[in-house]
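Remarks on the structure that follows.
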Protein chains: 2
Amino acid sequence: MVGNPGNKAVVLLSGGLDSTTVLALALRDGFDVAALTFDYGQRHALELRAARDLAERSGLRRHAVVSIDLRAYGGSALTDDIRVPKGRSDSEIGGGVPVTYVPARNTIFLAHALALAEVEGAQDIFIGVNTLDYSGYPDCRPQFIEAFQTMANLATKAATENIGAIEIRTPLMKMTKAEIIDLGISLGVDYAHTLSCYDPVAEEGEHGRAAGLPRHCGSCDACLLRKKGFTEAGIPDPTPYAE
Amino acid sequence: MVGNPGNKAVVLLSGGLDSTTVLALALRDGFDVAALTFDYGQRHALELRAARDLAERSGLRRHAVVSIDLRAYGGSALTDDIRVPKGRSDSEIGGGVPVTYVPARNTIFLAHALALAEVEGAQDIFIGVNTLDYSGYPDCRPQFIEAFQTMANLATKAATENIGAIEIRTPLMKMTKAEIIDLGISLGVDYAHTLSCYDPVAEEGEHGRAAGLPRHCGSCDACLLRKKGFTEAGIPDPTPYAE
């Protein structure tokens, strides 16, 4: 997967391990990247800080941070006062859609990415979904991504004018977490600056304000998958854990 | 098109002529409706007021008004400081995508409706798009709606659990504006309370605050299509026009 140097792309950037690796990959392949991050009422502003830091470190031309009030719909541990499950086993993590699922989240995220791509004149939209070592979300599956791409190519002004097709790029789709980490290390990603945790803890600085890197809880599904990935990759885990 | 009485549905409600007719139709067919309206940085809060008034008059159980900052992307006369075109001819209105097009707007709106439908346990999503007497938007076409529906049925938790399919209902798709108005009148819709205009004028009340019904500009594409509809339907136009 190599883009034509200078081709514009939109990268969905949460500030987590996967999307940060995807960003590094898109930049390596010469894309002129506009990153898109959502403030969607997730429990922690720490995620937004991680995404902003990463975009800045990568010297991106454009980083849009867009507010979407997903709390208005409810129904998820990531936006509501539902407890994030901790210490689940591999089979529990892989078995069924968990309470951390945010209804229609990737549909909404990709729809917004399509708007930005249309305004930017970008044909490529990168998203860091993967089906191995994932959390059982329906909107991470390849058949969903393919259907979204088909729809996207009927949705836009470019679609009516036969100006190049939109491609939803999912370079991590069939990679394990360990393979993703390996790839990212080879691309120079510093995973200490990424944040995967569903329930992170701010490191307290002076006057109680957040300082330094946010700490991962170490026991939510996202942390467990992340830990497992570093172990399997045989790479020292630079993640600051709270426990 | 008749729903099973009490079945839940989500209706996208802008407060315009089309979506208000769709709402009346869904209620006539016995659906238990949750309406969804977006505050997307459109030029006028008057649109939101019209939608709120209509939801209240209809006695809906739930009306979600959700903020989405489409201004963050730019590229449209409805969200930016681009002049709304006035006094265009029929062939100009039908010829090509106009500057009032908001990039990926219906994709974004339907994605959010899908989230609300998932949380509500609704299988039916109503949207008032139509291809006759329309403004040349790509995301109003039936092939777009069909592709969205296919995607939606791969996107949700229900999709993975084989709980009933999502249906995107577009009852106005093949109706002329005149037919839509005829239908709405038969359903008891008071079109004086709907707002179609891209550039409406607030009726000034005491202390300069908006009062009474917002007035339509009378010459933007939406107003011209609306006027033509009433004329063709042979129904007196109750619309308060500024000119």
### Query
So if we plug the beta-carbon distance of B:Glu146 and A:Arg28 into 1/(1 + (r/R0)^6) with R0 = 41 Å, what FRET efficiency do we get, rounded to 0.05?
0.65
### Task
Kindly give the distances from B:Ala45 to its copy-mates, label point to label point, with each label point 7 Å from Cα along Cα→Cβ, as nm values to one decimal ordered shortest first.
2.5
### Query
For the peptides A:230-240, B:118-128, what is the packing order when you average, over each peptide's residues, the other Cβ atoms within 10 Å and list the highest mean first?
B:118-128, A:230-240
#### Entry: Segments B:14-24, B:83-93, A:218-228 sorted - mean Cβ within 10 Å per residue, highest first
B:14-24, A:218-228, B:83-93
#### Entry: Label spacing, shortest first and in nm, from A:Pro240 to its equivalents in the remaining copies (7 angstrom along Cα→Cβ)
5.8
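Average partner chain C-beta neighbours within 10 Å, per residue of A:109-122?
That average works out to 6.
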### Task
Excluding residues fewer than 8 places away in the same chain, name every one of the lysines whose C-alpha is closer than 20 Å to that of B:Lys227.
B:Lys86, B:Lys174, B:Lys177
### Task
Partner chain Cβ atoms within 10 Å, averaged over the residues of B:61-68 - can you pull that number for me?
3
## Note on the structure
Within 10 Å of the Cβ of an average residue in B:137-143, the count of other chain Cβ atoms is 4
### Query
Nm distances between the label at B:Val65 and the same-position labels in the remaining copies, 7 Å along Cα→Cβ, shortest first?
2.7
### Query
If r is the Cβ-Cβ distance from B:Glu243 to A:Arg62 and R0 is 45 Å, what FRET efficiency results, to the nearest 0.05?
0.65
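No lab work stands behind these numbers, since they all come straight from the coordinates. Computed from a prediction, not measured in an experiment: that's the story for all the values here. Reconstructed Cβ throughout: ideal geometry from the backbone, glycine too, with neighbour counts over all protein chains shown.
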